[in-house]
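Novice: Let me begin by handing over the structure; questions about it come next.
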């Protein structure tokens, strides 16, 4: 599985020891320290051999912060990227007082990610595009405010938190417009059957995957009619 990087331009003003001390205030982090950097690993899933399958690593260096991550199967790259960034922002915010962060680069990163998320939406979702324009305007305002308080690290931390909250709300709105194809439903059904000894509770499956029961029933019937699966 290929690994991808997100690089944030950041100049260390304090010491790596300061970063290490701050990160240790968080619970259950896998932290490693060398003379040149400090890394925090997040293991999300392991395979049958207990080896990391889904993970991301946050590395703090003297002149940059790097996020390395993998993309699971059937997950859009932009969705995975946002999920990883969302989990990393609290740590980056916590150590921001020890860094001079290039705010414009960070804002461009978030802006690009937002556009990637928007690209997943059907083109006829006019209301969402109106909301997107409003959000774009708000992002521009936030960018100006963050630039104005760039010398005040406490204010930068507060603005980053506010921005993260607003983008998360946008992501929640976008989720309403996501379309799950029949093929993806088939994949999810097959994975479910493998994990549940060939049995499926349609109501529970629909709730967990946010797919209408009627669609699950239709796809299941098609799979049975095609002899793709055989009812017990």
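Every number in this text was worked out from the coordinates using simple rules, so none of it is lab data. Keep in mind that this is a model prediction, so the values were computed, not measured. All Cβ positions, even for glycine, are placed from backbone atoms using ideal geometry, and neighbour counts span all protein chains on display.
Novice: Please list 191-202, 212-223 highest first by mean number of surrounding beta-carbon atoms within 10 Å per residue.
Specialist: In descending order of packing, they fall as 212-223, 191-202.
Novice: As a footprinting exposure proxy, order 182, 225 by other Cβ within 10 Å, with the fewest listed first.
Specialist: Lowest to highest Cβ neighbour count: 225, 182.
Novice: Further question: Length gain on complete extension for the stretch residue 3 to residue 24, per 0.36 nm per residue less the alpha carbon to alpha carbon distance?
Specialist: Additional length available on full extension: 5.0 nm.
Novice: Mind ordering 159-166, 53-60, 26-33 by average Cβ neighbours within 10 Å, highest first?
Specialist: 53-60, 159-166, 26-33
Novice: Then there's this: Pop the C-beta distance of residue 17 and residue 102 into the FRET formula with R0 = 25 Å and round what comes out to the nearest 0.05.
Specialist: Computed FRET efficiency for residue 17 and residue 102 comes out at 0.60.
Novice: Let me ask something else. Starting from the Cα of residue 119, move 7 Å in the Cα-to-Cβ direction to define the label point; list residues of segment 86-112 whose amide nitrogen is under 12 Å from there.
Specialist: Label zone hits: 112.
Novice: Kindly put 42, 4 in sequence by how many other C-beta atoms sit within 10 Å of each C-beta, fewest to most.
Specialist: With the sparsest Cβ surroundings first, the list reads 4, 42.
Novice: How far apart, in nm, are the 7 Å Cα→Cβ label points at residue 35 and residue 144?
Specialist: My value for the distance between the label points is 4.8 nm.
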